[in-house]
Amino acid sequence: PDGWVVTTNLRYRRLCGFTGERATTAANVLRRGRRAVVTKIAFEADGQIFGDGVLTSAVLSPESGLPTWDRPIAMEPTPLSPEESSQHFLEWIGLEAVGASGPMLEGRVHLEQKHRNPWGIAHGGVGPAAVVGLIEAANADMTIVDAALHYLAPVRSEHMTVTAIVLNATAATTLYEVNILDADAGNRRCIT
């Protein structure tokens, strides 16, 4: 391979509540090209699919080249410190809710090494986790049921800003426009 695979688009739909302690993910390739792949994903617990989606990924070919690894590659889970293992996931992500101003919510994530890939780019899951945390923290009785994320540019700096603006609200649902900004790069939009 001449590159590192990164997320370019993610579409997720929650089908029902997840009440188990462990879940599995299955992925099936729908389309494979020379520089991109489209994959259908399903999330399952206790024999029931509770979410599904489509993930589009592309090959990143960094100028500095790929990291070198001994082959075959074996990846072990990173052990968590006692403090990290007792934290809630969103605390581990490091989301700080900045506040709400009218129909807008805002949060900030201080990016650490644990949030980054080998080139210092924020891992693609940090932003979506921060979005879910921001919206659910502001609306304790709400759950994200449908999301479409488009990755526009990498976040390489120390801070990521997450904004969620209400576009439409009814008694049962709220539609947000979400943007994830590289706070140290002039608030450049990186994920929308």
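The values are calculated or read from the model by the stated rules, or taken from the named source; none is laboratory data. Predicted, not measured: the structure shown is a model, and the values here were computed from it. Glycine gets a Cβ as well: all are built from the backbone with ideal geometry, and neighbour counts include every protein chain shown. Accessible surface is based on the protein model in full, side chains and every heavy atom, while ligands, DNA and RNA are left aside. Shrake-Rupley method; radii C 1.70, N 1.55, O 1.52, S 1.80 Å.
What are the residues in segment 126-142 that are more than 14 Å from Asp182 (Cα to Cα) and either without any contact (Cβ under 8 Å) to a residue 40 or more places away in the chain or open to solvent by 50 Å² or more (accessible area, probe 1.4 Å) (or both), if any?
Once the filter is applied, which keeps residues that are more than 14 Å from Asp182 (Cα to Cα) and either without any contact (Cβ under 8 Å) to a residue 40 or more places away in the chain or open to solvent by 50 Å² or more (accessible area, probe 1.4 Å) (or both), segment 126-142 yields Val132, Leu134, Glu136, Ala137, Ala138, Asn139, Ala140, Asp141, Met142.
Restricting to segment 173-192, and then to whatever is of a type in the set (Asp, Glu) and outside any loop (DSSP other than H, G, I, E, B), can you tell me which residue is surrounded by the fewest Cβ atoms within 10 Å (Cβ to Cβ)?
This residue is Glu177.
Here is a yes/no grid of residues against (1) acidic (Asp, Glu); (2) closer than 23 Å to Arg116 by Cα; (3) surrounded by 16 or more Cβ atoms within 10 Å (Cβ to Cβ):
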residue: Leu10; (1), (2), (3): no, yes, yes
residue: Ala23; (1), (2), (3): no, no, no
residue: Val29; (1), (2), (3): no, no, no
residue: Gly33; (1), (2), (3): no, no, no
residue: Phe50; (1), (2), (3): no, no, yes
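What number of residues in segment 96-119 are of a type outside the set (A, V, I, L, M), in contact (Cβ under 8 Å) with a residue 12 or more places away in the chain and open to solvent by 20 Å² or more (accessible area, probe 1.4 Å)?
10
Go through (1) within 14 Å of Met104 (Cβ to Cβ); (2) at pLDDT below 90; (3) out of contact with any Leu (no Cβ under 7 Å at 6 or more places or on another chain) and name the single condition Ile165 misses.
Here Ile165 clears every test but (2).
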